[in-house]
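Visitor: Here it is, the structure, as structure tokens.
The values are calculated or read from the model by the stated rules, or taken from the named source; none is laboratory data. Note that the structure is a prediction, hence the values are computed from the model and not measured. We place every Cβ from the backbone using ideal geometry, glycine too, and count neighbours over all the protein chains shown. With ligands, DNA and RNA removed, areas are computed over all heavy atoms of the protein, side chains included. Shrake-Rupley method; radii C 1.70, N 1.55, O 1.52, S 1.80 Å.
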Amino acid sequence: MADVFTKSKRSQIMAAIRSTGNLDTELKMTALFRKHGITGWRRHQPVFGKPDFIFRQQKVAVFVDGCFWHGCPKCYRRPRSNKLYWDKKIVRNKTRDRRVKRELRKLAWRVVRIWEHDLAQRGESCLRKIQAALANHKR
């Protein structure tokens, strides 16, 4: 079926749609925190880079990166259509991820990045990474 909007109008409509987060992965992480009695975390806090979770007292920021959107070396599969657009998009996302990590570190935050597939397959391992960051920062 042909689109009822012009190409520029469709682009404008799609650009106005904003993500509300990666709810499934955030819920999995939340469940792990609760299962293991990890407290002190918060979601949706006004911290640079919009981490998925923060531990404000220990200054630890946790990002759960979607394999597609962040170009996971293990899982990412480039779409067959509009390849140039997606190549640029993933490069921009990776560049932003590096900049956010660098800026948070300048502000004395520890940054933990977890791949979506790792959370799904090895949640306990992901939890240990976070626990290590929390323990290191308390010193």
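Visitor: Can you give me the Rg/Rh ratio for region 1-119, using Cα atoms for both radii and the Kirkwood formula for Rh? Let's see the in-between values first.
Guide: Numbers: Rg = 17.0 Å, Rh = 16.4 Å.
The Rg/Rh ratio comes out at 1.04.
Visitor: If you roll a 1.4 Å probe over region 63-139 with all protein chains in place, what percent of the accessible area is carbon or sulfur?
Guide: Of the solvent-accessible surface of region 63-139, carbon and sulfur hold 50 percent.
Visitor: Give me the dipole magnitude in Debye, nearest 20, for region 89-129 about the Cα centre, with unit charges on the beta carbon: positive for Lys and Arg, negative for Asp and Glu.
Guide: 380 debye
Visitor: What angle, in degrees between 0 and 90 and rounded to the nearest 10, separates the Cα long axis of helix 123-138 from the longest principal axis of the Cα atoms of the chain?
Guide: 60 degrees
Visitor: Let me ask another. Tell me, what ³J(HN,Hα) does each residue in region 33-49 have, in order and in whole Hz, if you take phi through Karplus 6.51 cos²θ - 1.76 cosθ + 1.60 with θ = phi - 60° and put x for Gly and Pro?
Guide: 4, 5, 4, 9, x, 7, 10, x, 8, 9, 10, 6, 9, x, 10, 3, x
Visitor: Residues with amide H under 5 Å of residue 60's amide H, sequence separation 5 or more or different chain, H placed in the peptide plane at 1.01 Å from N; which?
Guide: Under 5 Å from the amide H of residue 60: 55, 110.
Visitor: Can you list, by residue number, the Cys in the chain that have no neighbouring cysteine C-beta under 4.7 Å?
Guide: So, 126.
Visitor: OK, next. Please identify, among 60, 111, 47, the residue showing maximal mean-square fluctuation in a Gaussian network model of the chain using a 10 angstrom Cα cutoff.
Guide: With Cα springs under 10 Å in the chain, the top fluctuation among 60, 111, 47 is at 47.
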